[in-house]
Amino acid sequence: MNPKVIIEGAAQVSAAAKDTDALVIVAPAPLRAALEGLELPQEWKRAVEGALAADRALAEGSPAPTVVAVPSAPGGRIVVAPTASIAHDTDDCRVLSEASATAISRAVLAGASHPLLAIAVPKEARFARTLEVSTLSAAATAWEPLEARESPARRAPPTQLRKLTVLNLSSQAAAWASALETGRALCRDLVTGGPERLTPLRFAAYCEEAFAGTGVKVSVQRDVSGYPLLAAVARASMAVEHHKPCVVSLELVPEGPVTRTVLFAGKGVTYDTGGADLKTNGGMAGMSRDKGGAATVAGLVRALAERKVPGLRVIALLGMVRNSIGEEAFVSDEIITARSGVRVRIGNTDAEGRLVLADLLAALKEGADPASSVLVSVATLTGHVYRAFGPYVGAIENEPARAQGFIRTLEEAGELLGEPLEFTRPRREDYLFVAPKAPTEDVLSSNRLASVDTARGHQGPFAFIDVASGLRATRLPFVHLDISGVVVTPPDWQAGKPTGSPIAALVEALEAGQRR
């Protein structure tokens, strides 16, 4: 596992200064006004004001942090990190959290391993959680990709972030941030592990290691014959032993009575060639990250295990499979009876994620109580969601979930925590799009085009999953989160950094639901 950064709060700069080795100031321009609220010793304040006087770009919000030598400051240095002025209602906590991450990285490069982070937070309500969000962003800078950490050629950096003290961060907020970063770090490991490092069974083994001693029950189903759609996706991979599929089950049971059960399905395609409908023109690059849904669900459960939310039971199924190409590959026009009993005509083998989710949700709905349960699928499902919304989660829910206010609660949490989402409603056209074309099938998995070339290209898959899983015939609340636009920093899926989003918003929304 990635080394964990210790997170703590401090009430005063002077009290924390003796134990830290850099002071990092993050504030929106104009910086002089922000300095007034930090109660710095006069020598430190004069040094920063001198830097502002000497560098107009810094005073006006230069995006590059500046290191100012101040002998009496922690570690003899103050890192000044201005942002642009916050003047519009579209500005949110990400302005300061992104600057905090950049500034902490600069402090570490300067030689700091235990910086003191001081953030000038605007008073508007939308910035109420900025300290926690910025703490998360700063702590995440210590994360290294799994295969980089494991490489025998790895050279440890001269300095690493070991501890982070944040001015005015409460002990409760520090504990929250520590729990969230534990889960998000696991998610980042699982997203970025390569196609051979994290094959389906190796992904499962990593989960078993990560959840040891947490109270989360982990089981691995190697026989996937009970998931016919998932098994079809895996068919061509069966010839290679370590590419074989599995379903990972995670269960977190609270102390005391259970008042709500949330059931998660995570798409875990460890490599997506597109199958017989092969990805071409470089479209395969980055497809080891198509397991981002499963990675996000695993990270969420890990964070919830730290949070110990009263009354909340969580069950997750992660469908781990490789969509390979080969003589046994499944093909378009096949009709496969799903776990739910619904007959599915395959329209395109590169629309494999929805097949995996449909079987997982069919299993999860067995025995679920409409009054106290909600089913949530999480997946890097379509390119369309990024084309439509950019770097935001695409959320969609059925009427029973809407009556519960699931997405509304998640949206409110996301706005405060720097993980905003965009949501739409399923429409009749989405169900007509996947309606059967012949008496041989009950539903069509997809058309022949890429989702980005299809109208309502991420809403149609919701309709398919709803029907193919059998949920359409129930009153169970169902929510789908397409995270293709946020699983890594866009637009480069192959080289973008994993974000761990929307784990923070999900944790907050689930905790808020339990407080009602």
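Scanning the stretch 70-120 for residues that are more than 16 Å from T130 (Cβ to Cβ), part of a strand (DSSP E or B) and within 25 Å of the chain's Cα centre (by Cα) turns up nothing. Would you mind stating whether A153 is modelled with pLDDT of 95 or more, open to solvent by 40 Å² or more (accessible area, probe 1.4 Å), of a type outside the set (F, W, Y) and farther than 16 Å from A177 by Cα? No, not satisfied.
When each of F433, F423 is tested for being open to solvent by 40 Å² or more (accessible area, probe 1.4 Å) and within 18 Å of the chain's Cα centre (by Cα), the lone residue that passes is F423. Does R46 meet the test of being under 25 Å from F127 (Cα atoms), assigned to a helix (DSSP H, G or I), open to solvent by 20 Å² or more (accessible area, probe 1.4 Å) and basic (K, R)? No. Within the group G496, G470, G500, G513, which residue is crowded, with 22+ Cβ neighbours inside 10 Å and of a type outside the set (S, T, N, Q)? Sole residue among the options that is crowded, with 22+ Cβ neighbours inside 10 Å and of a type outside the set (S, T, N, Q): G500. K123 satisfies every condition listed in (1) under 19 Å from V488 (Cα atoms); (2) charged (D, E, K, R); (3) open to solvent by 50 Å² or more (accessible area, probe 1.4 Å); (4) not in a helix (DSSP H, G or I) except (1).
For a quick check of your reading of the model, give me the residue pairs whose first member lies in the stretch 301-320 and is farther than 30 Å from S225 by Cβ, whose second is at pLDDT 95 or above and of a type in the set (S, T, Y), with beta-carbon atoms closer than 6 Å and at least 6 apart or on different chains. Short answer, once both residue conditions are applied: A305/T214; E306/T182; G311/T259.
Taking the criterion of being out of contact with any Ser or Thr (no Cβ under 7 Å at 6 or more places or on another chain) and of a type in the set (A, V, I, L, M), the residues of the stretch 168-184 that qualify are A173, A174, A175, A179, L180. Each residue in the stretch 250-285 was checked for being surrounded by fewer than 19 Cβ atoms within 10 Å (Cβ to Cβ), small (G, A, S) and within 24 Å of S340 (Cα to Cα), and 0 of them qualify. So, A57, is that one out of contact with any helix residue (DSSP H, G or I) (no Cβ under 9 Å at 6 or more places or on another chain), in contact (Cβ under 8 Å) with a residue 40 or more places away in the chain and farther than 19 Å from S97 by Cα or not? The answer is no for A57.
Of the residues A185, A177, A173, the single one that is in contact with a Phe, Trp or Tyr (Cβ under 9 Å, 6 or more places away or on another chain), in contact (Cβ under 8 Å) with a residue 24 or more places away in the chain and not in a loop (DSSP other than H, G, I, E, B) is A185. Within the stretch 126-150, the set of residues being within 22 Å of S288 (Cα to Cα) and either surrounded by 14 or more Cβ atoms within 10 Å (Cβ to Cβ) or among the hydroxyl-bearing types (S, T, Y) (or both) comprises A140, W143, E144, P145, L146, E147, R149.
Evaluation of E411 against the conditions (1) in contact with a Phe, Trp or Tyr (Cβ under 8 Å, 6 or more places away or on another chain); (2) closer than 11 Å to Q459 by Cα shows that the sole unmet condition is (2).
Yes or no, residue by residue, for (1) in contact (Cβ under 8 Å) with a residue 40 or more places away in the chain; (2) more than 17 Å from T165 (Cβ to Cβ); (3) among the basic types (K, R):
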site: T102; (1), (2), (3): no, yes, no
site: L109; (1), (2), (3): yes, yes, no
site: S113; (1), (2), (3): yes, no, no
site: I119; (1), (2), (3): yes, no, no
site: K123; (1), (2), (3): no, yes, yes
site: A128; (1), (2), (3): yes, yes, no
site: T141; (1), (2), (3): yes, no, no
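The values are calculated or read from the model by the stated rules, or taken from the named source; none is laboratory data. Here the structure is a predicted model, which means the values were calculated and not measured. Please note: Cβ atoms are built from the backbone with ideal geometry, for glycine as well, and neighbour counts cover all protein chains shown. Calculation scope for accessible area: heavy atoms of the full protein, side chains included, ligands and nucleic acids excluded. Shrake-Rupley method; radii C 1.70, N 1.55, O 1.52, S 1.80 Å.
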